[in-house]
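No lab work stands behind these numbers, since they all come straight from the coordinates. Predicted, not measured: the structure shown is a model, and the values here were computed from it. Counting neighbours? That spans all protein chains shown, and the Cβs are built from the backbone with ideal geometry, glycine included.
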Amino acid sequence: MKECKTQVRVCAGTSCACRGSFEVQQAIEHDLAERGLANEFQIEATECSAHCGQGPVVEIASHGSIHAGVDVSDVSSFVDECVLKEPPAQDLFPQPGNGIDGLPKMADVGFFKHQRLVVLRNRGLIDPDNIDDYIALDGFEGLAKALLSMTQVEIIDEMKKSGIRGRGGAGFPTGVKWEFCQKVQGDTKYVICNADEGDPGAFMDRSVMEGNPHAVLEGMIIGGKAIGATNGVIYLRDEYPLALKRLTNAIGQLEEYGLLGDNILGSGHSFNIRVVRGGGAFVCGEETSLIASLEGKAGRPRPRPPFPANEGFWSKPTTINNVETWANVPVIINRGGDWYSSIGTESSKGTKVFSLVGKVENTGLVEVPMGTTLRRIIFDIGGGIPDGKKFKAVQSGGPSGGCIPESLIDLPVDYEELAKVGAIMGSGGLIVMDESACMVDVAKFFLSFLVEESCGKCTPCREGVLRMHEILTKIAEGKGTAEDIELLEELAMVVKDASLCALGGTAPNPVLSTLRYFREEYEAHLNEGRCPAGVCRSLITYSIDQEICHGCSACQQSCPVDAISGEKKEPHEIDAALCTKCGACQESCRFDAVLVV
Amino acid sequence: MSAITLDELKEKKKELRAMRKAMESETRARIVVHMGTCGVASGAQKILDRVSQLIDAEGANDIQIMTSGCAGLCSREPMLTVEMGNAPPVKYAELTESKAEKIFKKHVLGGKIVESSLLAVGSEMTR
């Protein structure tokens with residue numbers, strides 16, 4: 001009888017959810033189960049039908065009816081009058097009015113259609129400077145539950161059950177991390193929020209702090225109770241002035257309400273949070289460097305163990321999690337670990353926020369369930385590649401991650417799948433590249449970033465990354481030799497294995513992954529002195545196609561070094577000896593007559 | 001203010017929700033300007049200033065203006081959302097001051113959606 005099931009669809013739009021649509025869905029499920037009818041109905045959450053303002057909206061697909069304002073207190077009569085009765089009693093639960101027909105709905109826009117918001121659930125809905133907005137949308141429900149009705153072990157068990165793994169990059173199970181710290185004896189412990197988001201192109205954490213700062217604080221207070229800490233520190237990079245302003249303001253509001261300070265909600269648990277501004281060094285995203293920097297020392301890593309759970313900030317037991325992880329905590333506690341673990345894949349639970357940037361039509365902040373394919377993220381949500389160009393690769397995980405080629409576009413994104421192909425989840429930066437990107441140049445770019453950011457404490461990272469960058473520069477200049485690829489691979493292994501911290505340990509990833517998937521591009525540079533994408537300046541020459549050129553002189557006017565000559569309305573020419581290969585002529589040409597070879 | 005208790009917190013949430021609901025019927029419109037760093041960088045402050053001026057000039061104290069964080073689609077900022085009565089929220093993208101003024105006059109005051117700047121109506125999906 002499965003195919004005959006009546007479908008009941010409850011709106012999961014953020015507006016209906018604010019009005020209690022999840023509670024309504026649960027109540028309908030519960031009510032039908034009590035009547036022994038659970039098997040005859042299929043109850044599911046559905047996308048927004050743009051009747052916001054009149055929710056919660058429930059649709060009964062087989063009746064073709066849609067009902068507005070179904071309150072959780074009316075569920076039993078709703079089931080009687082509308083779900084079980086045909087035709088349903090539209091007078092009791094009327095069809096929503098005032099709909100807007102013929103206009104695109106959020107659920108029709110690709111960018112929004114495939115996203116499922118958990119961390120970003122309040123985006124666009126609350127004023128981040130107003131704690132009351134947050135309270136109205138279920139703010140501090142998780143906190144109240146954790147502080148007043150759960151023990152430390154129960155909180156940790158809920159986190160373990162949720163299956164959430166650290167969103168900062170390494171993906172260590174958060175509940176297990178808390179458990180280590182909780183079990184360590186000590187009267188002073190610390191909670192730290194790592195807000196030192198440093199990957200080029202990544203801005204997830206910034207947006208969370210700017211848009212929903214109270215959730216980060218709420219998560220930290222819950223974490224404080226779980227491990228037995230009364231002090232929290234947010235290590236925030238100083239490039240984020242707006243996040244600083246909003247966090248500072250939010251902390252003041254929590255203090256005013258007594259949600260930070262002594263004896264929060266009468267629970268006996270006390271907690272304080274302060275923000276420390278970091279200088280924005282990439283290495284300070286690594287936890288031991290971050291702690292060193294917090295203690296006023298140079299931000300440099302130290303070998304682990306001891307792990308921060310045993311010896312962290314001021315040598316006290318410390319739990320460090322990233323911003324997105326903290327923002328997930330209140331929702332997990334409020335809605336339960338089982339609910340959270342129902343989202344995602346076998347090994348990676350929940351949703352992940354990505355910042356989608358680069359050569360993609362829609363750039364922005366994307367939250368999807370773990371296991372969503374790269375194709376969905378880049379093409380359905382991102383809207384594909386602009387200007388009719390071809391997709392070439394996507395860099396996941398910033399300078400510590402790897403390039404994933406087009407052949408793997410159907411890869412479901414989770415921690416294990418990304419690791420298998422030589423990339424990492426990282427904190428969630430996705431940089432999309434089109435056919436005009438040269439992969440040698442890309443690897444060189446990331447390594448130049450890492451050369452700058454290596455702290456210099458250990459030799460493999462300080463010297464190894466620098467030498468790798470030198471070799472890449474040589475290849476890009478057409479001066480490479482046959483042994484260079486082998487040497488690069490050998491160096492990469494040493495840097496990976498022998499570096500002190502994850503910065504060095506992952507630094508070779510951009511090189512190894514581009515070598516793995518785009519080896520022929522390296523070989524073209526080495527063996528043929530050719531850059532197939534036409535990017536590496538030493539290997540390309542600009543010329544003008546004499547057949548196509550109209551002699552409009554646009555290129556001549558754009559050339560900063562006067563390397564282009566020719567009479568008006570006659571084909572022009574470029575003097576290769578003068579040309580600096582800046583590409584201005586190509587950009588100015590309306591006829592695509594400027595060639596790069 | 002002394003430390004809040006659980007009952008007070010629950011009461012507060014109830015009041016705030018009731019207030020939000022009352023606001024829907026009492027205020028003519030609520031305009032949300034999305035001001036994450038992305039929005040601010042593409043000119044959201046100017047949009048906020050212009051719309052605030054327009055509200056003042058109109059003397060319309062039943063039109064509320066507020067800011068939020070990033071609305072997600074950074075490449076199409078600045079964005080704003082208009083919420084009126086129990087109609088679904090209407091999101092506008094890629095705004096300029098003059099486009100915002102047009103939205104204020106035609107949609108907020110005149111009740112007619114400006115399709116040329118429209119992104120979409122309705123809400124996003126959660127889980």
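Run the numbers for residue A:341 and residue A:530: contour at 0.36 nm per residue of separation, minus the present Cα-Cα distance, in nm.
63.1 nm
Around residue A:383, which amide H atoms from residues at least 5 apart in sequence, or from another chain, sit under 5 Å from its own amide H, with H modelled in the peptide plane?
Sorted by chain and number, the residues that satisfy this are A:362.
Count neighbours as other Cβ atoms within 10 Å of each site's Cβ, and list the GluC sites (Glu not before Pro) in segment A:506-587 that are DSSP loop with at most 14 such neighbours.
Here the sparse-neighbourhood loop sites are A:528, A:547, A:567.
Quick one: which residues, 5+ away or cross-chain, put their amide H under 5 Å from the amide H of residue A:278? H built at 1.01 Å from N.
Sorted by chain and number, the residues that satisfy this are A:236, A:237, A:238.
I need the phi-derived Karplus couplings for segment A:137-144: 6.51 cos²θ - 1.76 cosθ + 1.60, θ = phi - 60°, integer Hz, Gly and Pro marked x.
9, 6, x, 6, 5, x, 4, 4
Output ³J(HN,Hα) for segment A:324-329: one whole-Hz value per residue in order, computed from phi by the Karplus curve 6.51 cos²θ - 1.76 cosθ + 1.60 with θ = phi - 60°, and x for Gly and Pro.
Calculated HN-Hα couplings, in order: 5, 4, 4, 5, 6, 4 Hz.
Between residue A:547 and residue A:596, take the C-beta separation as r, use R0 = 22 Å, and let me know the FRET efficiency to the nearest 0.05.
Using R0 = 22 Å, I get an efficiency of 0.85.
With label points built 7 Å along Cα→Cβ from the Cα atoms of residue A:239 and residue B:19, find their separation and express it in nm.
Computed distance between label sites residue A:239 and residue B:19 equals 3.8 nm.
Determine, from the Cβ-Cβ distance of residue A:487 and residue A:272 and an R0 of 51 Å, the FRET efficiency 1/(1 + (r/R0)^6), rounded to the nearest 0.05.
0.45
Across segment A:201-218, in residue order, what do the Karplus-derived ³J(HN,Hα) couplings come to in whole Hz, using 6.51 cos²θ - 1.76 cosθ + 1.60 with θ = phi - 60° and x for Gly and Pro?
In residue order, the calculated couplings are x, 10, 8, 5, 5, 4, 5, 5, 5, 6, x, 9, x, 5, 5, 5, 5, 4 Hz.
Scan around residue A:551 for amide H atoms under 5 Å from its own, H built in the peptide plane at 1.01 Å from N, and keep only partners 5 or more places away or cross-chain.
Here A:572 satisfy the definition.
Under Stokes-Einstein, with the Kirkwood radius over Cα pairs standing in for Rh, what whole-number D in µm²/s applies to segment A:45-195 at 4 °C and 1.567 mPa s?
Value of D from the Cα-based Kirkwood radius: 65 µm²/s.
Which GluC sites (Glu not before Pro) in segment A:413-507 sit in a loop by DSSP (not H, G, I, E or B) and have at most 16 other Cβ atoms within 10 Å of their own Cβ?
Taking segment A:413-507 and a limit of 16 other Cβ atoms within 10 Å, the loop GluC sites (Glu not before Pro) found are A:435, A:477, A:483.
Taking the alpha-carbon centroid of each part, what is the distance from segment B:45-69 to segment A:478-520 in angstrom?
Segment B:45-69 and segment A:478-520 have Cα centres separated by 54 Å.
Rounded, prolate or oblate: pick one for chain A, where a ≥ b ≥ c are the square roots of the eigenvalues of its C-alpha gyration tensor, a/c under 1.5 means rounded, and failing that, prolate if a/b is larger than b/c, else oblate.
It comes out oblate by the Cα gyration axes.
Which distance in Å, rounded to a whole number, links the C-alpha centroids of segment A:112-147 and segment A:72-98?
29 Å
Can you pull the mean other chain C-beta count within 10 Å for peptide A:138-148?
Taking all residues of A:138-148 together, the mean is 2.
Classify segment B:28-121 from the C-alpha gyration tensor, please: rounded if a/c falls under 1.5, else prolate or oblate depending on whether a/b exceeds b/c.
Since a/c reaches 1.5 and a/b is larger than b/c, the shape of segment B:28-121 is classed as prolate.
Packing-wise, with mean Cβ within 10 Å as the measure, how do A:574-581, A:54-61 rank, highest first?
Going by the mean number of other Cβ atoms within 10 Å, highest first, we get A:54-61, A:574-581.
Starting from the coordinates of the alpha-carbon atoms of segment A:541-596, obtain the Kirkwood hydrodynamic radius over all distinct pairs and give the value in Å to one decimal.
10.7 Å
Assuming R0 = 56 Å, can you tell me the calculated FRET efficiency for the pair residue B:11 and residue B:116, based on Cβ-Cβ distance, to the nearest 0.05?
E(calc), rounded to 0.05, equals 0.80.
From other protein chains only, count the Cβ atoms within 10 Å of every residue's Cβ in A:47-60, then give the mean.
4
For a test of the definition: using alpha carbon positions, the gyration tensor, and the 1.5 limit on a/c, classify segment A:327-472 as rounded, prolate or oblate.
Here segment A:327-472 falls in the oblate category.
If I model a spin label as a point 7 Å beyond the Cα along the Cα-Cβ vector, how far apart are those points for residue A:129 and residue A:153 in nm?
The answer from the label model is 4.7 nm.
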